[in-house]
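> Just dropping this structure here.
The values are calculated or read from the model by the stated rules, or taken from the named source; none is laboratory data. No experiment lies behind these values; they were computed from the predicted model shown. Counting neighbours? That spans all protein chains shown, and the Cβs are built from the backbone with ideal geometry, glycine included. Heads up: the accessible areas ignore ligands, DNA and RNA and are worked out on the full protein's heavy atoms, side chains in. Shrake-Rupley method; radii C 1.70, N 1.55, O 1.52, S 1.80 Å.
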Amino acid sequence: MTQTFEMETVPSPGKALLYVRLSDVSNMSIADALTLLQSLGYAPELRYVQWASDPKRITLFAWLKEETLPYGTTGETSPLWEQYELLLEKLQPSGAVRYAWAEHQQVLAA
């Protein structure tokens with residue numbers, strides 16, 4: 001199986017993602033940001049997005065963590081939310097730190 005390094009920024013239902021847009025971090029170098037993330041216990045994986053509208057434009061990400069949300073949990077009540085808030089204090093601008101989640105889809109049967 002071939003591993004892809006393209007970044008998926010939209011989680012599947014019931015999942016949450018925590019990642020950093022390294023291209024946007026302005027208060028330290030990318031190397032320092034990666035070192036900080038490692039010191040906080042993460043094993044950042046480098047990922048990228050190559051923009052279809054401008055193939056020469058590439059955004060670099062550090063993918064940190066994905067978790068399955070227990071049914072009925074919202075993004076703000078997941079353990080990743082606390083980690084997200086901690087990273088907001090360390091990396092600037094705050095928009096460089098990303099947390100995305102998708103709630104479970106409800107399946108109704110008649």
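> Normalised by the number of residues in region 9-110, what is the relative contact order in percent for Cα pairs under 8 Å and 6+ residues apart? Each step should come with its number before you reach the end.
Values: 169 pairs, mean separation 46.9, N = 102.
Relative contact order of region 9-110: 46 percent.
> What is the set of long-range amide H partners of K65 at a cut-off below 5 Å, with H atoms built 1.01 Å from backbone N?
Those lying under 5 Å, H to H, from K65 are L18.
> For K65, give me every one of the lysines with a C-alpha distance below 23 angstrom, ignoring sequence neighbours fewer than eight places off in its own chain.
Here the lysines satisfying the reach criterion relative to K65 are K15, K90.
> Report the full-extension gain for the segment T59 to A31: residue separation times 0.36 nm, less the Cα-Cα distance, to one decimal in nm. Please report the intermediate quantities before stating the final value.
Numbers: separation 28, 0.36 × 28 = 10.08 nm, distance 1.54 nm.
The span from T59 to A31 would gain 8.5 nm if fully extended.
> Moving to a separate point now. So for region 33-82, averaging the separation of alpha carbon pairs under 8 Å that are six or more residues apart and normalising by length, what relative contact order in percent results? Don't skip to the answer; put the middle values down first.
Values: 40 pairs, mean separation 13.1, N = 50.
Relative contact order of region 33-82: 26 percent.
> When the helices in the chain are scored as -39500 (n - 2.57) per DSSP H run of 4 or longer and the sum is shared across all residues, what 222 nm value do you end up with, to the nearest 500 deg cm²/dmol?
Numbers: 2 runs with 22 residues, N = 110.
Value at 222 nm, helices only, nearest 500: -6000 deg cm²/dmol.
> Which of the trypsin sites (Lys or Arg not before Pro) found in region 1-88 are in a DSSP loop and have at most 12 neighbouring Cβ atoms, other than their own, within 10 Å? List each step's numbers first, then the result.
On the way: sites: K15, R21, R47, K56, R57, K65; in loops: K56, R57.
Of the trypsin sites (Lys or Arg not before Pro), the ones in loops of region 1-88 whose Cβ has at most 12 other Cβ atoms within 10 Å are K56, R57.
> Same structure, new question: Using the heavy atoms of the protein chains and a 1.4 angstrom probe, tell me the accessible area per residue for the chain in square angstrom.
On the way: 7060 Å² over 110 residues.
The answer is 64 Å² per residue.
> Now, a different point. Assuming 0.890 mPa s and 25 °C, estimate D for region 1-87 with Stokes-Einstein, Rh taken as the Kirkwood radius over Cα pairs, in µm²/s.
Details: Rh = 14.3 Å.
Translational diffusion coefficient: 172 µm²/s.
> Within the chain, what's the longest stretch lacking chymotrypsin sites (Phe, Trp or Tyr not before Pro) that sit in DSSP loops with no more than 14 other Cβ atoms inside 10 Å? It would help to have the intermediate numbers written out before the result.
Numbers: sites that count: F5, W51, Y71.
Maximal segment without exposed cleavage sites: 6-50.
> Taking all protein chains as present, what is the carbon and sulfur share of the accessible area of region 23-81, in % to the nearest whole number, probe 1.4 Å?
Values: 2030 of 3640 Å².
Ligands and nucleic acids excluded, carbon and sulfur reach 56 percent.
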